[in-house]
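Enquirer: For reference, the structure I am asking about is given below.
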Amino acid sequence: MSLPDENPSRRWRLVLGAAAEPELGGLGGGDDVAVDRALGALYNTGDEPTSGKRSGSLGGSAPRVARWLGDIRTYFPSSVVEVMQRDAIDRLQLTELLLEPELLAAVEPDVHLVGTLLSLNRVMPETTKATARTVVERVVREIEQRIATHTRTAVSGALNRAARISRPRARDIDWDRTIRKNLANYLPEHRTVVPERLVGYGRNTQTVRRDVVLAIDQSGSMAASVVYASVFGAVLASMRALRTSLVVFDTEVVDLTDLLSDPVDVLFGTQLGGGTDINRALAYCQTLIARPADTLFVLISDLYEGGIRAEMLRRVHAMKDAGTQVLVLLALSDDGAPAFDHDNAAALAALGVPAFACTPDRFPDLLAVALDRGDVQSWADVNAGRP
């Protein structure tokens with residue numbers, strides 16, 4: 001529903017509730033009353049004119065919650081519906097929204113809802129799990145559709161550039177780069193370039209060229225990052241030129257590589273919440289790195305370490321010394337600037353490991369730079385935090 005700018009009193013009356021009616025006047029009826037009722041159910045208690053404040057009053061009735069979900073979907077756009085649902089869950093502890101199949105089916109799916117569902121996975125009734133999986137799968141497929149093509153194109157291009165050769169077969173010649181490399185040999189009288197050096201690509205797609213290890217912090221604050229990283233992991237695992245491993249951790253470490261054929265299975269293998277032991281996760285990931293010089297290790301964490309900090313930093317340093325590319329993302333989400341441990345981020349930067357947040361839409365380009373052994377820090381300085 002739109003709230004027209006030509007009637008600001010109406011807009012403020014709907015925002016502030018019945019407490020503002022003496023100053024702003026009443027509503028005209030019709031849809032305005034229904035909108036006010038939907039807002040009041042979440043943000044008002046009784047609409048006492050003297051209170052001037054909003055507080056939750058949806059109550060515990062499942063039919064009433066179901067009607068409210070229907071109302072907000074009728075009168076508000078999806079982006080607003082998602083915010084109101086989040087408020088209902090967070091402010092009013094309405095976990096019944098997610099524990100009753102009928103109510104869950106009425107909820108507007110988004111990444112944050114998936115994170116909440118995953119945090120409730122262990123306590124969710126069996127009757128709800130099938131509906132929950134359908135909701136999670138819908139969000140995952142939307143993300144896949146959004147990022148898969150860009151990821152495969154960017155990563156394939158980086159791998160092909162990394163495999164550049166100087167004696168290519170005719171079909172593998174990169175004519176654009178060959179001409180650029182030989183501009184000094186331009187013959188004006190013949191209006192042509194005489195190439196002394198050919199540039200091309202080796203394109204044996206059956207060969208695993210690089211290893212990628214993703215380590216994902218599954219503490220509660222990283223929920224959106226877990227969702228996006230799991231989908232990216234599945235896309236990367238589908239590429240023959242990469243050997244992809246995916247590990248999630250809190251105070252325990254779980255290797256979910258075997259589930260990468262389906263990111264929904266990966267997500268239901270996570271357990272959001274709990275503490276964080278990055279050092280322990282790094283110790284396990286070191287055992288997965290068989291070819292350090294051909295491995296990209298990506299740690300996705302807010303760096304709030306509950307384990308042994310000095311050992312964590314020592315392991316990162318050892319990985320770098322062995323030739324492994326190490327990349328630390330403080331968040332992989334669209335949620336804006338993340339909260340993170342600034343001291344640990346600074347300590348990693350001192351080791352030559354940049355730590356920054358990245359949006360999902362930018363992550364394929366970041367992967368391409370890293371796999372091409374480019375300057376990740378320079379890329380981050382220009383792109384980190386951009387939509």
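Enquirer: Testing the spin-label approximation: label points 7 Å from Cα along Cα→Cβ at residue 240 and residue 78. State their distance in nm.
Expert: 3.6
Enquirer: Once phi is turned into ³J(HN,Hα) by the Karplus curve 6.51 cos²θ - 1.76 cosθ + 1.60 with θ = phi - 60°, what whole-Hz value does each residue of region 341-358 show in order, with x for glycine and proline?
Expert: 7, 5, 5, 5, 5, 5, 5, 5, 4, 5, 8, x, 10, x, 10, 7, 8, 8
Enquirer: Here's another thing I want to ask about it. Give a residue-ordered list of calculated ³J(HN,Hα) values for region 211-223 (Karplus: 6.51 cos²θ - 1.76 cosθ + 1.60, θ = phi - 60°; whole Hz; x for Gly, Pro).
Expert: Once θ is set to phi - 60°, the couplings for region 211-223 become 9, 10, 10, 9, 10, 10, 5, 9, 5, x, 6, 9, 3 Hz.
Enquirer: Considering only 332, 266, 319, whose Cα is most displaced toward the positive end of the charge dipole of region 259-339, charges sitting on Cβ of Lys, Arg (+1) and Asp, Glu (-1)?
Expert: Farthest along the dipole direction, towards plus: 319.
Enquirer: I've got another one for you. Ordering 175, 379 from largest to smallest accessible area (1.4 angstrom probe), what's the sequence?
Expert: 175, 379
Enquirer: If ligands, DNA and RNA are left out, what is the accessible area of residue 315 with a 1.4 Å probe, given in Å² to the nearest 10?
Expert: It works out to around 50 Å².
Enquirer: Decide, for region 219-314, between rounded, prolate and oblate: order the square roots of the alpha carbon gyration tensor eigenvalues as a ≥ b ≥ c, take rounded if a/c falls under 1.5, and otherwise choose prolate if a/b is larger than b/c, else oblate.
Expert: It comes out oblate by the Cα gyration axes.
Enquirer: Run the numbers on region 171-309 and let me know its relative contact order in percent, using alpha-carbon pairs under 8 Å that are six or more apart.
Expert: Once normalised by length, the contact order is 26 percent.
Enquirer: Can I ask one more? How much of the accessible area of region 202-284, probe 1.4 Å, is carbon plus sulfur, in whole percent?
Expert: Accessible surface attributable to carbon and sulfur in region 202-284 totals 46 percent.
Enquirer: Under the rule of at least 5 residues apart or a separate chain, name every residue whose amide H is placed under 5 Å from the amide H of residue 245.
Expert: Result for residue 245 returns 212, 213, 214.
Enquirer: Residue 309 versus residue 350, label points 7 Å from Cα toward the beta carbon: distance in nm?
Expert: 1.0
Enquirer: Here's a follow-up. Once phi is turned into θ = phi - 60°, what whole-Hz ³J(HN,Hα) does the Karplus curve with 6.51, -1.76 and 1.60 give for every residue of region 333-340, x standing for Gly and Pro?
Expert: Working through the residues one at a time gives 6, 9, 8, x, 4, x, 7, 7 Hz.
Enquirer: I'd like the accessible area for residue 190, computed on protein heavy atoms only with a 1.4 Å probe and all protein chains in place. Round to 10 Å², please.
Expert: My reading of the accessible area for residue 190 is about 120 Å².
Enquirer: Can you give the accessible area of residue 328 in Å² (nearest 10), computed on protein heavy atoms with a 1.4 Å probe?
Expert: Taking all protein chains as shown, residue 328 has close to 0 Å².
Enquirer: Rounded, prolate or oblate: which one fits region 240-379, using the alpha carbon gyration tensor with axes a ≥ b ≥ c (rounded when a/c is under 1.5, else prolate when a/b beats b/c, else oblate)?
Expert: Rounded.
The values are calculated or read from the model by the stated rules, or taken from the named source; none is laboratory data. Computed from a predicted model, the values in this text were never measured in an experiment. Note that we place each Cβ from the backbone using ideal geometry, even for glycine, and neighbour counts take in every protein chain shown. The protein model used for the area step is the full one, side chains on, heavy atoms only, and it has no ligands, DNA or RNA in it. Shrake-Rupley method; radii C 1.70, N 1.55, O 1.52, S 1.80 Å.
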